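Here the structure comes first, spelled out in structure tokens, and everything after it is commentary.
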Amino acid sequence: MPVTAAAAVVAAAALDRGFAEPPARVHPVALLGRLVSPVDREWSRPTLVGAVAAVALPALAAGVTAAVTWAATLVSPWLGAAVAALALFSTTSLRMLLDAAAAVVSATADESDLDTARYELRALAGRDPSSLSAADIRSAAVESAAENLADGLVAPLLAFMLFAAVSLPLAVGAAAWVKGVNTLDSMLGYRHKPVGRVPARLDDAVMWLPARVSAVLLAVVAGAPATVARVGELARRPSSPNSGWPMATLAVLLETRLEKPGHYLLDGGPEAPDAATAARGVRLVSRAGLAAFAVAGVVAWF
């Protein structure tokens, strides 16, 4: 079991590096999104509907993933490892995040024509880029890279690690459950959507540890692990109880200002990030993501 679990992590990392994401038409997260879409409307009892969705849909994703992996292990432990790798690949994302962030940062190099940068940012950050300056766009790219390190990679890997010693099907089922919770929050968890209240609160609870682990990983790969102990006040400025931790840590490590105008300011330094600083932030996220895969593989092995 430890060998096959570790092999699944290594294979998932290789798939992420080679392919970034499964094809959209068969991507499990896209399929889950289609199940969530009918929930995204007005209801007479939105909190109840949201609570049912928050329980049922991630559980469905976890159950299907665990059952398919378990069936594969009955045929061969290595077939089970291969299916687990595909499942873990589907629930994690690093290369796509890095490519998107790097594209945005690169597009801000020519500040006389920011239309491309604003267009690229739409795939990365959920904010209106039409009036953002080059510095604002770079800040948004760095913030999103840090936040999505926790949401899209560390959270499912951490769930996998916690259950790998018990059962490979249970481990990939846990990763799928976390991804399901995060998918519901990303689609429903907005203040103007009452149906998203319970999914948003559940996501806050699930992401508490991954957000802080992501901050630690960023600080460690930057060679400044003590940084995490100094970012508490900054980390509490965003309204989210979790996203501020990796974002504030990265702001301090880069000695730069990361800001979402009208919402929060993470003043880890006096100036907004220039292109070189933002690119360095993306590289730190890359190293932290690789470290997350490495730690998951080692923990799964032992």
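The values are calculated or read from the model by the stated rules, or taken from the named source; none is laboratory data. These numbers come from a predicted model, not from an experiment. Cβ coordinates were reconstructed from backbone atoms using ideal geometry, including for glycine residues, and neighbour counts include every protein chain displayed.
Within the bounds of region 185-195, is there any residue that is within 22 Å of residue 100 (Cβ to Cβ), among the hydroxyl-bearing types (Ser, Thr, Tyr) and either more than 14 Å from the chain's Cα centre (by Cα) or at pLDDT 95 or above (or both)?
yes
Kindly evaluate residue 228 against the criterion of being among the hydrophobic types (A, V, I, L, M, F, W, C) and touching a residue at least 40 places away in the same chain (Cβ under 8 Å).
Considered against the rule, which asks whether it is among the hydrophobic types (A, V, I, L, M, F, W, C) and touching a residue at least 40 places away in the same chain (Cβ under 8 Å), residue 228 comes out as no.
Suppose the filter is farther than 15 Å from residue 57 by Cβ and modelled with pLDDT of 95 or more; does residue 128 pass it?
So residue 128 fails the test.
State all residues of region 254-280 that are at pLDDT 95 or above and either surrounded by 24 or more Cβ atoms within 10 Å (Cβ to Cβ) or at positive phi (or both); if no residue qualifies, say none.
255, 256, 258, 266, 273, 278
Among what's in region 80-105 and is free of Cβ contacts under 8 Å to residues at least 60 places away in the same chain and of a type in the set (Gly, Ala, Ser), pick the residue that is surrounded by the most Cβ atoms within 10 Å (Cβ to Cβ).
Checking each candidate, the answer is 100.
Filter region 124-138 for residues that are within 19 Å of the chain's Cα centre (by Cα) and surrounded by 13 or more Cβ atoms within 10 Å (Cβ to Cβ) and give the result.
Result: 124, 125, 127, 138.
Just wondering, is there one or more residues in region 115-122 that are part of a helix (DSSP H, G or I), in contact with a Ser or Thr (Cβ under 9 Å, 6 or more places away or on another chain) and among the acidic types (Asp, Glu)?
Yes.
Every residue in region 48-79 that is among the hydroxyl-bearing types (Ser, Thr, Tyr) and free of Cβ contacts under 8 Å to residues at least 60 places away in the same chain, please.
76
Just one of the numbered conditions (1) without any contact (Cβ under 8 Å) to a residue 60 or more places away in the chain; (2) out of contact with any Ser or Thr (no Cβ under 8 Å at 6 or more places or on another chain); (3) surrounded by fewer than 20 Cβ atoms within 10 Å (Cβ to Cβ) is not true of residue 234; which one?
Going through the list (1) without any contact (Cβ under 8 Å) to a residue 60 or more places away in the chain; (2) out of contact with any Ser or Thr (no Cβ under 8 Å at 6 or more places or on another chain); (3) surrounded by fewer than 20 Cβ atoms within 10 Å (Cβ to Cβ), residue 234 breaks only (3).
So, in region 1-32, how many residues would count as being among the small types (Gly, Ala, Ser) and either touching a Phe, Trp or Tyr at 6+ places or on another chain (Cβ under 8 Å) or crowded, with 16+ Cβ neighbours inside 10 Å (or both)?
Of the residues in that region, 8 qualify.
Within region 33-56, can you find the residues that are basic (Lys, Arg) and surrounded by 12 or more Cβ atoms within 10 Å (Cβ to Cβ)?
none
Which of the following residues is assigned to a helix (DSSP H, G or I), out of contact with any Gly (no Cβ under 8 Å at 6 or more places or on another chain) and acidic (Asp, Glu): 110, 136, 128?
Testing whether each residue is assigned to a helix (DSSP H, G or I), out of contact with any Gly (no Cβ under 8 Å at 6 or more places or on another chain) and acidic (Asp, Glu) leaves just 136.
Among the residues of region 159-182, count how many are part of a helix (DSSP H, G or I), in contact (Cβ under 8 Å) with a residue 24 or more places away in the chain, more than 16 Å from residue 64 (Cα to Cα) and out of contact with any Asp or Glu (no Cβ under 7 Å at 6 or more places or on another chain).
Adding up the residues that qualify gives 2.
Being assigned to a helix (DSSP H, G or I), among the hydroxyl-bearing types (Ser, Thr, Tyr) and out of contact with any strand residue (DSSP E or B) (no Cβ under 9 Å at 6 or more places or on another chain) is the requirement here; does residue 286 meet it?
Yes: the conditions hold for residue 286.
Those residues that are more than 15 Å from residue 35 (Cα to Cα) and buried (at least 19 other Cβ atoms within 10 Å of the Cβ), I need them from region 177-195; list them, please.
Correct list: 178, 189.
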